[in-house]
Amino acid sequence: MKHSVYFDGKVQSLGVNTKEGYATVGAMEPGKYTFSTSQEEHMNVVVGSMKVKLPGSETWQVFSEGQKFVVAPGKSFDLELDNDAVYVCYYK
């Protein structure tokens, strides 16, 4: 298990190996964040909602509990959170 801390502790995750591959379970406090990917990421929102600007898009989309989005490897994406959020991210 790997614990990671980002953005002065406002984003934290635990990484684990699953039957579907490596995954992280994390929590984020309200704020604005930019993440880069090295692998394809399948982000599942478990609690709260996330305003997301995906690579190549000029528009923001809101993803709420039970929704997911995918980001290709080698890309960056922006998040804005007005609330605490919890996610599960699978790496492909």
| note | Quick P(r) readout (the range 1-53; Cα-Cα; 5 Å bins; whole %) gives 4, 14, 27, 32, 16, 6, 0
| message | What do you get for GluC sites (Glu not before Pro) in the range 46-92 restricted to DSSP loop and a cutoff of at most 10 other Cβ within 10 Å of the site's Cβ? | response | GLU58
| Can you list the aspartates and glutamates whose alpha carbon sits under 15 Å from that of LYS92, skipping same-chain ones fewer than 8 residues off? | GLU20, GLU40, GLU41
| said: Tell me which trypsin sites (Lys or Arg not before Pro) from the range 25-76 have a DSSP coil assignment and no more than 16 other beta carbons within 10 Å of their own. | reply: LYS75
| request: Working from the alpha-carbon coordinates of the chain, get Rg over Rh, Rh being the Kirkwood radius. | output: 0.93
| request: Between GLU65 and LYS53, with labels modelled 7 Å along Cα→Cβ, what's the label distance in nm to one decimal, could you check? | output: 2.8
| request: For the range 46-92, evaluate the Debye formula with one uniform point scatterer on each Cα (no solvent term) and list log10 I(q)/I(0) at q = 0.20, 0.28, 0.31 Å⁻¹, rounded to two decimals. | output: -0.68, -1.19, -1.30
| query | Accessible area of SER38, 1.4 Å probe, to the nearest 10 Å²? | reply | 100
| note | Here FRET efficiency (C-beta to C-beta, GLU80 to ASN17, R₀ 35 Å, nearest 0.05) is 0.70
| Top to bottom by accessible area (1.4 Å), largest first, where do ASP84, ASP78, ASP8 land? | ASP8, ASP84, ASP78
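The values are calculated or read from the model by the stated rules, or taken from the named source; none is laboratory data. Because the structure is a prediction, the values reported are computed rather than measured. Heads up, the Cβs are rebuilt from the backbone with ideal geometry, glycines too, and the neighbour counts pull from every protein chain shown. Calculation scope for accessible area: heavy atoms of the full protein, side chains included, ligands and nucleic acids excluded. Shrake-Rupley method; radii C 1.70, N 1.55, O 1.52, S 1.80 Å.
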